[in-house]
Every structure is written in C-alpha cells, then in structure tokens.
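Notes follow the structure.
The values are calculated or read from the model by the stated rules, or taken from the named source; none is laboratory data. Quick caveat, the model's predicted, so the values are computed rather than measured. Ideal geometry is used to build each Cβ from the backbone, glycine not excepted, and the neighbour counts take in all protein chains shown. Surface accessibility is based on the protein's heavy atoms, side chains included, excluding ligands, DNA and RNA. Shrake-Rupley method; radii C 1.70, N 1.55, O 1.52, S 1.80 Å.
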Amino acid sequence: DVKVTQSSRYLVKRTGEKVFLECVQDMDHENMFWYRQDPGLGLRLIYFSYDVKMKEKGDIPEGYSVSREKKERFSLILESASTNQTSMYLCASSFLGVWNSPLHFGNGTRLTVT
Amino acid sequence: DAKTTQPTSMDCAEGRAANLPCNHSTISGNEYVYWYRQIHSQGPQYIIHGLKNNETNEMASLIITEDRKSSTLILPHATLRDTAVYYCIVVEDQGAQKLVFGQGTRLTINP
C-alpha cells in the first residue's frame, strides 16, 4: 500500500514564525500536492509538483511556498505564519496525472497559529 | 468550482446497501468520475473511478448513467466504519492537474 506520511499530526506556532510542513511518500510517485481543508470551504489546492524541483501554484498559493528537492519529499513552507493559516493541511501523491491515477493522502497536519 | 451536486447528508442502516447519488449534468466526454471518502480525522481515501462503464472493486460499485449526467456509488453492505463524507469529483482527461473537491455527502451508518 502507498504510504504518505506527514511529519506532524498537530502543530502550534506563533504569528510571524516560519513553519515547515513535511510530507514523504514511499511509492516513487511523480506528483505531489498540498491542500488545506477548512470547515465550509472544503479542500483547496495550495501547490503541486509533477517532478523534482518543479512546482505549480494551485488556487490559494499566497503566503505559502514549497520545496521538492527529492522525489519522495514535498515540503510546504509558511514564510511568516498568520492566524488565517490555521487549518488542516493535507499532502497527497499520485503516480500519474489525477485523471487516471488516484490520489493518496496523508492523515493531515492540524496547524494552529496563535 | 466543483462540477458535481450531491445531497448534503444521508443515513443508512448497518448491513444495508448505501446508494449515494451524484449529479454531473455538465460532464464532457473525456471527464472521469471519481469517488473519494473522508473518515473523521483522516485524509481522503480513494474509492473508485470510471469513465463510461460501470465499475466494481472490493470497496464499492459505481453506476454511471448512459448519458453520463449522473452516477451512483453503491456500498453493498454498509458497516459503521463506512460513516464518512463522500466526495464525487469529475476530472478532465489530460489537462487537469488537480482535483476540485465539493462539499460531499455526509453518510451516517446507523446500527
């Protein structure tokens, strides 16, 4: 089974801190994704990557950056955390394009910014 | 924007078949129908997908109407562990790089 592991289940940070959310997948998948999930807004795509060192903006990239130095690892960076970035963050990976290859999600990181 | 319409919530008795409808009346010929579910405090889980034909796997069956404007996910013998939010998503062939999740259907399996 594909395993997508997010480094932290819960995280509490202060406003203005730089925050790193780490995600690792063990199935040599090409594509990796970062979503955030908020009540009433559903899942929204922040960034995705279809290859090492490649990245594409999703629907809500403002305030975030990403890094993919190795195929198995995709990091989400909050340059200066703000309270409106309090959310559940979900990482996912897929072998091929999302039209013909299921996404495999991690169990999420619940980030609270105070 | 999500291209699907699903009921907000549904209930089903344990052991019975759960039938979850999804309307995707604007679907185009090269768009797949995907189903995911999200159990509380977990990430979404892939269930099944199809293009034109009905599909079955170890988790569920997917019935797509002939005009492809709607589909139904069937969980043949629902258990309490099937309580979750179920998302129906249409995905364009080739061009899309992302999934757009709607609000989904909150399915509650009752003992």
Quiz item: Can you give the relative contact order of chain A as a percent, counting alpha carbon pairs under 8 Å and 6+ residues apart?
Solution: 36 percent
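Run the dipole for region A:23-81 about the Cα centre, Lys and Arg Cβ at +1, Asp and Glu Cβ at -1, nothing else charged, and hand back the magnitude in debye, nearest 20. Show your work: numbers first, answer last.
Working: 9 positive and 11 negative charges, 17 e Å.
In debye, rounded to 20, region A:23-81 gives about 80.
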Quiz item: What is the P(r) of chain B, as percent of Cα-Cα pairs per 5 Å bin from 0?
Solution: 2, 13, 24, 26, 20, 10, 4, 1, 0
Practice problem: Calculate, axis by axis, the spread of Cα positions in the protein assembly as shown along the three principal axes, and write the results as whole Å, longest axis first. | Solution: 50, 39, 31
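State to the nearest 20 debye the size of the charge dipole of region B:3-107 about its Cα centre, where the only charges are +1 on K and R beta carbons and -1 on D and E beta carbons. Kindly include the intermediate steps, with their values, before the conclusion.
Values: 9 positive and 10 negative charges, 43 e Å.
The dipole of region B:3-107 has a size of about 200 debye.
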Quiz item: Got a sec to turn the phi values of region A:109-114 into Karplus ³J(HN,Hα) couplings, 6.51 cos²θ - 1.76 cosθ + 1.60 with θ = phi - 60°, whole Hz, x for Gly and Pro?
Solution: 10, 8, 9, 10, 10, 10
Quiz item: Using the heavy atoms of the protein chains alone and a 1.4 angstrom probe, what is the accessible area of chain A per residue in square angstrom?
Solution: 48 Å²
Quiz prompt | Heavy-atom surface of chain B, accessible at 1.4 Å and reported per residue (Å²) | solution = 51 Å²
Practice problem: At 10 °C and 1.306 mPa s, grab the translational diffusion coefficient of chain A from Stokes-Einstein with a Kirkwood Rh over Cα pairs, rounded to a whole number in µm² per second. | Solution: 114 µm²/s
Quiz item: In region A:12-61, which residues give up 50 Å² or more of accessible area once the other protein chains are added, compared with their chain alone (1.4 Å probe)?
Solution: A:LEU43
Practice problem: Arrange the peptides A:90-96, A:11-17 so that the one whose residues have, on average, the most other Cβ atoms within 10 Å appears first. | Solution: A:90-96, A:11-17
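Which links in A:LYS18/A:LYS57; A:LYS18/A:LYS53; A:LYS70/B:LYS98; A:LYS18/A:LYS70; A:LYS3/B:LYS69 stretch past 29 Å when you go from one Cα to the other?
Numbers: A:LYS18/A:LYS57 20 Å; A:LYS18/A:LYS53 21 Å; A:LYS70/B:LYS98 21 Å; A:LYS18/A:LYS70 21 Å; A:LYS3/B:LYS69 34 Å.
In this structure, A:LYS3/B:LYS69 lie more than 29 Å apart at Cα.
Mind giving me the FRET efficiency for A:LYS71 and B:GLN45? R0 is 30 Å, r the Cβ-Cβ distance, nearest 0.05 is fine.
Working: r = 23 Å, r/R0 = 0.77.
That pair, A:LYS71 with B:GLN45, gives E of 0.85.
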Self-check item: For region B:5-69, convex hull volume per residue from C-alpha positions, Å³
Solution: 114 Å³
Quiz prompt | Cβ-isolated cysteines (cut-off 4.7 Å), the protein assembly as shown | solution = B:CYS12
Quiz item: Short version: ³J(HN,Hα) in whole Hz for each residue of region A:52-58, in order, from phi by Karplus 6.51 cos²θ - 1.76 cosθ + 1.60 (θ = phi - 60°), x for Gly and Pro, what are they?
Solution: 4, 6, 9, 8, 9, 6, x
Self-check item: Rounded to whole Hz, the Karplus (6.51, -1.76, 1.60) HN-Hα couplings of region A:79-94, x for glycine and proline
Solution: 4, 8, 4, 10, 4, 6, 9, 5, 5, 9, 10, 10, 9, 9, 9, 8
Self-check item: Surface/4 of the Cα convex hull for region A:56-114, nm²
Solution: 4.8 nm²
Exercise. State, as an integer percentage, the relative contact order of region B:22-67 based on alpha-carbon contacts under 8 Å between residues 6 or more apart.
Key: 25 percent
Quiz item: If we sort A:20-27, B:22-29, B:9-16 on the protection proxy, mean other Cβ atoms within 10 Å, highest first, what's the order?
Solution: A:20-27, B:22-29, B:9-16
Exercise. Can you tell me the dipole magnitude for the protein assembly as shown around its Cα centre, using point charges on the Cβ only (Lys, Arg +1; Asp, Glu -1), in Debye to the nearest 20?
Key: 580 debye
Practice problem: Could you look at chain B and say what percent of its accessible area is carbon and sulfur, using a 1.4 Å probe and all protein chains? | Solution: 47 percent
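Relative contact order for region B:51-111: what is it in percent, counting Cα pairs under 8 Å that are at least 6 residues apart? Mind dumping the intermediate values first?
Values: 73 pairs, mean separation 15.8, N = 61.
Relative contact order comes out at 26 percent.
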Quiz prompt | Fraction of antiparallel bridges per DSSP, the protein assembly as shown only, in percent to nearest 5 | solution = 90 percent
Quiz item: Can you list residues whose amide H is under 5 Å from A:SER82's amide H, if they're 5+ apart or on another chain and H is modeled 1.01 Å from N?
Solution: A:GLY16
Quiz item: Are there residues in region B:26-52 whose accessible area shrinks by at least 10 Å² when all protein chains are included rather than the chain by itself, and which are they (probe 1.4 Å, ligands and nucleic acids not counted)?
Solution: B:TYR32, B:TYR34, B:TYR36, B:GLN38, B:SER41, B:GLN42, B:GLY43, B:PRO44, B:TYR46, B:HIS49
Quiz item: Are there residues in region A:68-114 whose accessible area shrinks by at least 30 Å² when all protein chains are included rather than the chain by itself, and which are they (probe 1.4 Å, ligands and nucleic acids not counted)?
Solution: A:VAL98, A:TRP99, A:PRO102, A:LEU103, A:PHE105, A:ASN107
Self-check item: Estimated buried accessible area (total), pair B and A, 1.4 Å, Å² to nearest 100
Solution: 1800 Å²
Quiz item: Once amide H atoms are placed 1.01 Å from N in the peptide plane, what residues at a sequence separation of 5 or more from A:VAL66, or on another chain, have their amide H within under 5 Å of its amide H?
Solution: A:ILE77
Quiz item: FRET efficiency for B:MET59 and A:PHE95, Cβ-Cβ distance as r, R0 = 25 Å, nearest 0.05?
Solution: 0.85
Quiz prompt | Carbon + sulfur, % of accessible area of chain A - ligands and nucleic acids excluded, 1.4 Å | solution = 50 percent
